[in-house]
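Before any comments, here is the structure.
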Amino acid sequence: MQNKKNLAHPVSIVLCLLLFLVLVQGVAAEAPCTFVKMWGSYDGGSGTTSNGIATDASDKVYVAETGNNRILVFSSDGSILSRWNLNWTEPGQLDVASPYGIAVDSSHNVYITDRENNTVQKYTPRGFVTTWGNEGTGEGQFSSPAGVAVDPSGNVYVADTGNNRIQKFHSTGTFLMAWGSYGTPDGSFNAPMDVTVDSSGHVYIADTGNKRIQKFSPDGTFLAKWGSEGTGEGQFSTPTGIAVDSKGNVYVADLTSRVQEFNPAGEFLTTCDTGATTNDVAVDPSGTIYALWQSGPHWKIGKYGTRDPTSPSASAPGVHTTFSVFVEQTKPRVTPTTSLMTAPPTSPATIATPTMTPPTTTRVTIVSPTLSPTMDSDTKIAEPGEQPAEQGRKPEEQWNILDRVMAVLGKLVGRK
């Protein structure tokens with residue numbers, strides 16, 4: 001009997017030490033997102049801008065490269081698959097001047113907003129299909145359209161930024177409905193920059209100027225809202241991109257170098273710190289996050305794995321040591337000087353970046369927000385095999401855990 005008692009103490013000590021190691025060293029399992037890989041533009045010259053990113057059902061990644069007037073398609077590991085030149089190539093197709101938002105439906109049709117021409121263009125992998133829209137305030141007209149999304153039925157939603165409204169179209173471009181006007185009440189907007197739709201048809205809007213997210217039914221009925229100005233959890237500085245995953249969770253890209261995740265009711269879940277000015281975000285069917293950064297004259301895509309509490313094997317996808325930068329060999333088009341808009345005269349506050357304007361009778365050109373981070377994003381991402389500091393436990397927390405474990409060990413040893 002005495003030998004069994006003595007044997008129990010070492011076993012208890014080992015179990016306590018294992019508990020301590022799990023609590024202190026299990027940082028990766030608690031990380032809301034894990035940096036996996038980065039790729040993007042680099043031309044050694046004038047640089048370029050990109051504002052829209054999307055994924056399809058095959059985990060391909062699409063980027064609207066505003067400065068070079070084209071669409072780039074990548075595999076999920078960053079390998080270039082194709083380049084779509086958006087200059088005039090077919091009868092009826094306009095020379096796209098400023099591709100901004102991008103969305104892909106379940107049939108691989110691609111929709112692009114052109115902010116300068118105030119149009120939406122539709123493509124298949126085989127080429128151009130149709131275009132609709134022009135400048136104005138009427139049905140099917142736009143003022144600097146930005147984000148675009150497609151619902152499960154194939155209907156297309158456009159964030160008509162300058163007109164402070166959302167427009168809904170059939171996949172052929174036929175106008176269906178619109179809602180919204182300038183203001184702060186529920187259902188009103190201040191320069192909405194992006195839109196996304198979940199599998200149930202709920203519509204989520206990045207109400208950029210009002211620093212909030214609004215949720216609507218498919219017919220435009222207001223359902224919920226969340227967010228306020230700030231840098232805390234659930235707050236926004238300039239929410240410019242929004243996406244939703246297969247579970248209905250909502251991801252919001254904020255220009256303050258982060259992506260925040262919320263449940264469908266708007267409750268804050270996690271933050272993914274991107275380390276650079278973040279223009280847009282997309283989530284593929286497997287839940288992988290793709291954040292579109294703008295770092296000086298270059299854009300980059302940060303790929304992040306997320307923790308799934310229901311799947312321990314998927315909780316820590318790991319940090320890969322691979323790193324690639326897409327180098328374009330052709331000479332890019334020179335990006336026109338950005339013309340920022342101002343908020344309506346009655347606006348209580350203007351948007352820091354980007355700023356908008358009410359509809360006018362003259363054409364207003366926006367290419368991209370002016371972004372000037374203090375350092376290149378390459379220097380801000382976590383090194384391979386390393387988690388960002390804020391995702392780990394603070395030293396004092398680790399010592400508190402150690403104190404508790406040592407107290408338990410002391411009691412066990414005292415029983416000998």
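Go through (1) touching a residue at least 40 places away in the same chain (Cβ under 8 Å); (2) open to solvent by less than 10 Å² (accessible area, probe 1.4 Å) for Asn163 and report which single condition fails.
Looking at each condition in turn, Asn163 falls short on (2).
So which residues in the range 53-67 are open to solvent by 20 Å² or more (accessible area, probe 1.4 Å) and closer than 23 Å to Arg115 by Cβ?
Thr55
Only residues that are within 13 Å of Ala54 (Cβ to Cβ), open to solvent by 10 Å² or more (accessible area, probe 1.4 Å) and out of contact with any Asp or Glu (no Cβ under 7 Å at 6 or more places or on another chain): list them for the range 104-116, please.
Across the range 104-116, the qualifying residues are Asp105, Ser106, Asn109.
Within the range 207-231, can you find the residues that are open to solvent by less than 40 Å² (accessible area, probe 1.4 Å) and either part of a strand (DSSP E or B) or among the hydroxyl-bearing types (Ser, Thr, Tyr) (or both)?
Matches in the range 207-231: Asp207, Thr208, Arg212, Ile213, Gln214, Lys215, Phe216, Ser217, Ala224, Trp226.
Would you mind telling me which numbered condition in (1) open to solvent by 10 Å² or more (accessible area, probe 1.4 Å); (2) within 27 Å of Ile301 (Cβ to Cβ); (3) part of a strand (DSSP E or B) Thr130 fails?
Among (1) open to solvent by 10 Å² or more (accessible area, probe 1.4 Å); (2) within 27 Å of Ile301 (Cβ to Cβ); (3) part of a strand (DSSP E or B), the lone unmet condition for Thr130 is (2).
Does Ile80 satisfy the condition of being aliphatic (A, V, I, L, M), in contact (Cβ under 8 Å) with a residue 24 or more places away in the chain, open to solvent by 50 Å² or more (accessible area, probe 1.4 Å) and farther than 19 Å from Thr172 by Cα?
Spelling it out, Ile80 is indeed aliphatic (A, V, I, L, M), in contact (Cβ under 8 Å) with a residue 24 or more places away in the chain, open to solvent by 50 Å² or more (accessible area, probe 1.4 Å) and farther than 19 Å from Thr172 by Cα.
What number of residues in the range 190-206 are open to solvent by 20 Å² or more (accessible area, probe 1.4 Å) and at positive phi?
Residues flagged as open to solvent by 20 Å² or more (accessible area, probe 1.4 Å) and at positive phi within the range 190-206 amount to 0.
When the range 94-103 is examined, which residues are found to be over 17 Å from Leu292 (Cβ atoms) and crowded, with 24+ Cβ neighbours inside 10 Å?
Val96
For the range 261-310, give me the residue count where each residue is more than 22 Å from Val197 (Cβ to Cβ) and not in a strand (DSSP E or B).
Matching residues across the range 261-310 total 10.
Among the listed residues Glu139, Glu90, which satisfies the condition of being at pLDDT 95 or above, over 20 Å from the mean Cα position of the chain (by Cα) and open to solvent by 40 Å² or more (accessible area, probe 1.4 Å)?
On inspection, the qualifying residue turns out to be Glu139.
Condition check: under 26 Å from Pro185 (Cβ atoms) and either outside any helix (DSSP H, G or I) or at pLDDT below 95 (or both). Does Ser144 satisfy that?
yes
The values are calculated or read from the model by the stated rules, or taken from the named source; none is laboratory data. Since the structure is predicted, the reported quantities are computational estimates derived from the model, not experimental observations. Cβ atoms come from the backbone with ideal geometry, glycine included; neighbour counts cover every protein chain shown. Heads up: the accessible areas ignore ligands, DNA and RNA and are worked out on the full protein's heavy atoms, side chains in. Shrake-Rupley method; radii C 1.70, N 1.55, O 1.52, S 1.80 Å.
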